[in-house]
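To start, the structure under review is shown below, and the notes come after it.
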Amino acid sequence: MLRALLFLLGVYSRVVIHEESDKPGLKYDSHYEKLLNKDRVVVLYLSYCPHSLEALETLESKNIPFTKYERGENQGFSDYVNTKFHYHKSPTIIIDGKFFGGNDKLQKTLRKNPKFLSNILPQ
């Protein structure tokens, strides 16, 4: 009971429910970690969110390779990312497996340093 309450509050971060299974457990952590590291840049977004769409458009315009996951279609993964990084907004941008931020931070960083992410460009 306490574990369920802590999970709902986002405190108990080690139990994750996978979309295809109702069994909580650590074995899904490795699956989600693989998704987080599938590309150097990973974006969780909402298809109706203007901030998400701007971030995706910015990355595409800079020719930055990235993997995107729509939150509504990947609820288990979305919950895992929310819990792991304590960030519940869209978009959520992960770079090299580490939390970067949202669209505001992406735009601000690119204004200050236009060459940011240039090391991720395909050769």
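Every number here is computed from the coordinates shown, using simple stated rules; none is lab data. Computed from a predicted model, the values in this text were never measured in an experiment. Backbone-built Cβ (ideal geometry, glycine too); neighbour counts: all protein chains shown.
Listing for the model above:
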read-out	value
Filtered residue count, the stretch 102-113, keeping only those that are touching a helix residue (DSSP H, G or I) at 6+ places or on another chain (Cβ under 8 Å) and either under 20 Å from Thr67 (Cβ atoms) or polar (S, T, N, Q) (or both)	5
Candidate set from the stretch 101-123 (those that are surrounded by fewer than 17 Cβ atoms within 10 Å (Cβ to Cβ), outside any loop (DSSP other than H, G, I, E, B) and not basic (Lys, Arg)); member that is nearest to the chain's Cα centre (by Cα)	Asp104
From the options Leu44, Leu59, Leu36, residue that is more than 10 Å from the chain's Cα centre (by Cα) and of a type in the set (A, V, I, L, M)	Leu59
